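The values are calculated or read from the model by the stated rules, or taken from the named source; none is laboratory data. Note that this is a predicted model, so its numbers are computed, not measured. Note that each Cβ is placed from the backbone with ideal geometry, even for glycine, and that neighbours are counted across all protein chains shown. Accessible surface is based on the protein model in full, side chains and every heavy atom, while ligands, DNA and RNA are left aside. Shrake-Rupley method; radii C 1.70, N 1.55, O 1.52, S 1.80 Å.
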Amino acid sequence: MFDRDELFHDAPDEVVAAAYADVAPSAPLPPLDEMEPGPLLAARLACIDDTTLTPQERLRVLKAQQRMASHFAAQMLRSMAAVSDCIDAVEDDPQLAAESSAAEIRTALRLTRRTADSELSFALDLRRRLPAVWRLLAAGDIDRRRAWVLVKGTEHLTVAAARRVVDRLVGEAPHLTTGQLGARLRRACLEVDPEEGRDRYHTAVTDRRVVSEAGVDGTAHLFGLDLPPHRVAAITRRINRMARSLRRDGESRTMDQIRADVFLDLLAGRSEGAGGVVDLQVDLDTLAQLSDHPGDLAGYGPVVADIARQVAEEQQRGEWRFAVRDPESGAVLSTGLTRRRPDAATQRRVKTRDPGCVFPGCRMPAEDCDLDHMTPYGESGATSVTNLAPLCRHDHRLRNVGWAYRRLDTGDYEWTSRLGLTYHTSGRSP
């Protein structure tokens, strides 16, 4: 992979010795998972002959490389903050110091002014506001993308509140995708300061608007901004349902194209269709107004308690699917629809138990998923709650081309990849 002699030309003797230890062509792959990111792990990675690796070993190397990339990213960000310290020491004007620091970084790294400002702000936030996130990044436990989610997702909070939120997520963050982490983060922010979350929501929704702009290819973009999430969820479901009903034999349009056409037809008043279905998860205390825990809208994520209660109470065209959970145990106490739907009770129970696709990292709502027989129907698998699980169409295909899974006693799922690696996940809201 690298010229080892050149790589270790100026390295300490102990690093060189460790790097060359047990690296004969026939030697097994070193225990990369047990090594902290740093010079020794970098040296071991540099000495690996990747032409001799098995597929499983390649994945182990890939994960170790990701940890090293995170470690180096943390060191770069620390260096940026150190540059800012140098400028602060000689410049009394804070604004001028910030601009000068960004200018130094911008010219040294050949960055745009906007990128340099953003990178320096990120570095200073990690050091001053959220040092725990920097430590996770430096240890290789999270990557830069997840660090960015944690920093930007808490910038509206006070330093003390932001740190409390991060402390709650430190143990989970290494095991979540950015989408899952973002959803957990939004919920934690709402829980740590419900009043602030409610005020921010009401302030933002008063500025709701529709914006159109020209596209670079002669097309146009139409956006609805700062809209109530429960209404957006219902509309999105309605568009998806109508689009699926139009996907007949001979249809040449993709699903994205059909959805876009349905969207335009609805706004132009040229289409009729069923109302959207909204899946709501809310605990009993919130529903009874004894607490302000956020609810979860499938496909969107956490919403403030006011919206959760509003969705549960509204009776309007379209259907509202809800599950009331015990705030302590999370057990489902009640389920239902505000308008009867001709779905089998079994389907409703499965989608209540697992509100989303159960493939690792997927956040597709169960309402938009297939119900898969864990033991295939053709192999005498029963069509029952215990043998069904929601899988989105994409991940359903993966399950049919070599991936396997099973439901554990805990209610989670264990997946085995085509290369024999195992992953654990659940269909619960992130």
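Here is how the numbers come out for the structure above:
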read-out	value
Inter-centroid distance (Cα atoms) of segment 185-223 relative to segment 65-109, Å	31
Extension gain from A82 to D217, taking 0.36 nm per residue of separation minus the Cα-Cα distance	44.2 nm
Relative contact order of segment 95-246, pairs being alpha-carbon contacts under 8 Å that are 6 or more residues apart, as %	13
Computed lengthening from D326 to L53, 0.36 nm per intervening residue step minus Cα-Cα distance	93.4 nm
Low-density loop positions, trypsin sites (Lys or Arg not before Pro), segment 110-170 - DSSP coil, at most 10 other Cβ in 10 Å	R110
Cα centroid separation, segment 111-132 to segment 380-408 (Å)	43
Theoretical FRET efficiency, 1/(1+(r/R0)^6), r = Cβ-Cβ of T410 and E196, R0 45 Å, to 0.05	0.85
Contour minus Cα-Cα distance for R270 and V90 (0.36 nm per residue)	58.2 nm
Solvent-accessible area per residue for segment 80-234 (1.4 angstrom probe, square angstrom)	56
Radius 11 Å from Cβ of A81, net charge of other residues (Lys, Arg +1; Asp, Glu -1)	-1
Spacing of the two label points (7 Å from each Cα toward its C-beta) at E36 and H396, in nm	4.8
Dipole axis of segment 50-185 (+1 Lys, Arg; -1 Asp, Glu on Cβ), positive-most option in W148, A103, A81	W148
Per residue solvent-accessible surface (Å²) - segment 348-424, probe of 1.4 Å	51
Simple spin-label estimate for L109 and R128 in nanometres, 7 Å along Cα-Cβ	1.7
